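Novice: I am attaching a structure below and will ask some questions about it afterwards.
Any read-out appearing in this document is the output of simple, stated calculations on the displayed coordinates, not a laboratory observation. Here the structure is a predicted model, which means the values were calculated and not measured. Cβ coordinates were reconstructed from backbone atoms using ideal geometry, including for glycine residues, and neighbour counts include every protein chain displayed.
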Amino acid sequence: MGGPVRNRRLMLSAAAIVAAGVGIVPGVANAAGQDGAKGTGGPGASVPDLDLTEAKAKAYKVETFSSPAAKTVHPAAKGGKQAAPLAEGAAATEPTVGLEGTATSAHGVQLQLAVTSDPGTALGVLVEWGDGSQVQVGANGPTNLTENHTYAKAGTYTIKVTLIDGSGGGVRGTNETVFRTAGNEFTPHAPTRLLDTREGIGAAKTKVPAFGTARVKVAGAAQIPAGVTAVALNVTVTNPAKAGHVRVYAEGGDVPTTSNVNYAPGQTVPNMVIASVGESGYVDIYNHGDGAIDLIADVTGYFSKSAASGYSSLNPSRVVDTREGLGTGKGQVPGFGNFSTQITGRAGVPSTAKAVALNVTVTEPQAAGHLTVYPSGGSAPTASNLNFTAGQTIANSVIVPIGSDGKISVRNGAGAGAHVVVDVVGYYSPESESALIRSFPNRWFDTREWDGPLDGRNYIYGRVGGGDPNVTALVLNATVTNTASTGFLTVSPDPNSWSAYEGGWETLPTPPNSSNLNWTPGKTVPNLVQASSGVNNVIDFWNMSYQTTDLVVDSFGFYAKN
């Protein structure tokens, strides 16, 4: 499983912590309402690597394929129609080729070819991959061959294999099969409400009972096509009578032990979720709490096996701060007011980007309300991205389409002013190489099970996937609980290699001027984190407060570039 994740002290001045400001990131974690051992220790705690071996194996195993040798089609005798495939169990009078294969990476495939022919028969074996590329190899008599290929984009491809006579060049037989890549690419969607139990949208107009489940139709709803594999949803819990959390997962699957949104009585809590979609096109939201709740789910995009947009992770970068006049005017966004800000051409986001992954934070609001983030050029939708009460600082992850002018818009749905902060963490573009690999929700680490919580002004670091260079980012849920003071969490790639930590010659990283989630004393706060693994596949988690907090981190998938 690899080396440890250590609790490292961050020696920062008070001025440095204030300069870091508030930040953002959405979550899917597991704390309030779930079991967890409470630790008591301090520095020196360790957790294993985030091992992606099992997640990869399951994702690649799903995309297996075959076409037996009996399916080989032979040309007919001169002047006749093409011959049909052999009947099962019939003896071959012409060469045949059996095809078996599996995914090997986000875009990779390994093809096994079993050629059957008379001994000494020379054949050319032409493999056409379905993307315009091909390879030809030779076979002399019965031969087993292995060929590997990497596609540029996610998709569904027809692989055709042709047996060619080695002397005259004529076709002796063909076989073909269909392959789907393991990777999934993103299509942005105008923010649209799919579920609201308060209004009877997408479900009955009634609260979801304690330990009950709401089923959300994704494929076929709001012009979302069939065949989607995962969805970006902003899930909001409101009107809860008691504390608990919700778990979002593919309909028909096992209920995970992780969580996506944690709530307390009377709270309205949103969180961004990237959830797998069941084969019938639905997502389940399970209420793990002792009381009934209302649920809202807004879609902002979906993933599929079709070539669309890959993901490019970025080091978190601030593009809007109304307290300083960054990216828009200086001063609070008025009640029911909005603003637009340029996204493409800033913070590493290219003009080709179709959607952007953000952390959005509201701070110093003068009244309760919500923020809505949407593509510029249109009116604000009824969907919301984060909800707040007067005086609250709260963040949420947002994935939003970019307007045709390269901008996004933000609306303050409260009746009074509020400051807004926006950080960019990545973008989706047709030119981006990384595709999503889905995995069943998995607990990475939980400091409640260590000797103690994460100390104030400390960071912990962890290695991802044994240092696999193809892994570019993680889909995580980070949850803080047992918080001792006000603070915020920042997640960022570590500039040190794993060997530097093992050898003791690492340098102290510098946290970025952004945050992933904010908290006040005694609160449990989750947020989705699409964390870049950087060049070293080592990730840092910074507790940017002066007091301790427990941290729970769950993994929901990862992005890989081939």
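Novice: Would you mind computing, in nm to one decimal, how far apart the modelled labels at Thr257 and Phe65 are, each placed 7 Å from Cα along Cα→Cβ?
Specialist: In this crude spin-label approximation the distance works out to 3.7 nm.
Novice: Rounded, prolate or oblate for segment 363-457? Axes are the square roots of the Cα gyration tensor eigenvalues, ordered a ≥ b ≥ c, and the cut-off for rounded is a/c under 1.5.
Specialist: Here segment 363-457 falls in the oblate category.
Novice: How big is the dipole moment of segment 304-392 about its Cα centre under a simple scheme where the beta carbon of each Lys and Arg is +1, that of each Asp and Glu is -1, and everything else is neutral? Debye, nearest 20, please. Present the calculation step by step, with values, prior to reporting the outcome.
Specialist: Working: 6 positive and 3 negative charges, 54 e Å.
Value, rounded to 20: 260 debye.
Novice: Counting Lys and Arg as +1 and Asp and Glu as -1, what is the net charge of the other residues whose Cβ lies under 13 Å from the Cβ of Gly183?
Specialist: +3
Novice: What is the distance in Å between the Cα centres of segment 144-171 and segment 287-332?
Specialist: 42 Å
Novice: Per residue of segment 443-456, in order, report the coupling 6.51 cos²θ - 1.76 cosθ + 1.60 (Karplus, θ = phi - 60°) as ³J(HN,Hα) in whole Hz, putting x for Gly and Pro.
Specialist: Values, residue by residue: 6, 7, 8, 8, 5, 5, 9, 8, 6, x, x, 6, 5, x Hz.
Novice: Have a look at Asn287, Gln332, Ala367 and report the one farthest towards the positive end of the charge dipole of segment 269-404, computed about the Cα centre with Cβ charges (Lys/Arg +1, Asp/Glu -1).
Specialist: Positive-most Cα among the choices belongs to Gln332.
Novice: What's the local net charge at Val127, with K and R +1, D and E -1, over the other residues with C-beta under 13 Å away?
Specialist: Working: positive: Lys160; negative: Glu128, Asp131, Glu147, Glu176.
Charge balance near Val127 sits at -3.
Novice: Compute the signed sum of charges (Lys and Arg +1, Asp and Glu -1) over the other residues within less than 11 Å, Cβ to Cβ, of Val235.
Specialist: Every neighbour counted, the sum reads 0.
Novice: If you don't mind, there's one more thing I want to ask. Do the sum for the chain: with -39,500 (n - 2.57) for every DSSP H run of n ≥ 4, divided by all residues, what is the mean residue ellipticity at 222 nm, to the nearest 500 deg cm²/dmol?
Specialist: The helix contribution divided over the chain gives -1000 deg cm²/dmol.
Novice: Would you work out the charge dipole size for segment 335-477 about its Cα centre, treating the Cβ of every Lys and Arg as +1 and the Cβ of every Asp and Glu as -1, and quote it to the nearest 20 debye?
Specialist: The dipole magnitude comes to about 260 debye.
Novice: Compute the Cα gyration tensor for segment 265-402, then decide on rounded, prolate or oblate, letting a ≥ b ≥ c be the square roots of its eigenvalues: rounded whenever a/c is under 1.5, prolate when a/b is larger than b/c in the other cases, and oblate in all that remain.
Specialist: Cα axes put segment 265-402 in the oblate bin.
Novice: Same structure, new question: Could you give the size of the charge dipole of segment 439-553 about its Cα centre, using +1 on the Cβ of each K and R and -1 on the Cβ of each D and E, expressed in debye and rounded to the nearest 20?
Specialist: In total the dipole reaches around 320 debye.
Novice: Right, another one. By how many degrees, 0 to 90 and rounded to 10, does the Cα axis of helix 53-62 deviate from the longest principal axis of the chain?
Specialist: Orientation of helix 53-62: about 50 degrees from the principal axis.
Novice: Separate question: How much length is gained on full extension from Arg323 to Glu502, taking 0.36 nm per residue of separation minus their Cα-Cα distance? Display every interim value, and only then the final one.
Specialist: Values: separation 179, 0.36 × 179 = 64.44 nm, distance 4.16 nm.
Here the segment from Arg323 to Glu502 would lengthen by 60.3 nm.
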